[in-house]
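The values are calculated or read from the model by the stated rules, or taken from the named source; none is laboratory data. If you're wondering where the values come from, they're calculated on a predicted model, not measured in any experiment. A quick note on method: Cβ atoms are made from the backbone with ideal geometry, for glycine too, and the neighbour counts reach across all protein chains shown.
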């Protein structure tokens, strides 16, 4: 059993602040080969997340604390939609369909999201990054 509480969120956020990438994962899945990838993703303002897509799997973000803005793009690199998520305002999460170009911007320090997607883990291939 693993309790997801303020102590855990604080620890993962501390690690994110100390990380060069300004983010840190806390995985609940046992291995990168697991059929479901379930993790906390602690994110700090300034972390850089490439515009990307997962061609074979959808993913879901639930914001546990903080605030993020999710941007969606078309194949011509144009922003088609943006959504701000913040539990303090009643916008908790988003489900992103497979193949959808997206990225996110971290709007508050100590932001933590719960992220779920099908496994096994596969790194994002260059063809699945959209250079903006």
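Quick rundown of the values:
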| item | result |
| --- | --- |
| Lone unmet requirement of (1) surrounded by fewer than 17 Cβ atoms within 10 Å (Cβ to Cβ); (2) under 29 Å from residue 14 (Cβ atoms); (3) touching a helix residue (DSSP H, G or I) at 6+ places or on another chain (Cβ under 9 Å) for residue 64 | (1) |
| Those residues of the stretch 1-12 which are farther than 10 Å from residue 40 by Cα and at pLDDT 95 or above, in sequence order | 3, 5, 6, 7, 10, 11 |
| First in the stretch 1-26 and part of a loop (DSSP other than H, G, I, E, B), second anywhere and at pLDDT 95 or above, Cβ under 7 Å, 6 or more apart | 2/28; 21/47; 22/16; 22/44; 22/46; 22/47 |
| Condition broken by residue 46, with the remaining ones in (1) at pLDDT 95 or above; (2) crowded, with 18+ Cβ neighbours inside 10 Å satisfied | (2) |
| The stretch 78-96 - residue that is in a loop (DSSP other than H, G, I, E, B) and over 14 Å from the mean Cα position of the chain (by Cα) and, of those, nearest to residue 27 (Cα to Cα) | 90 |
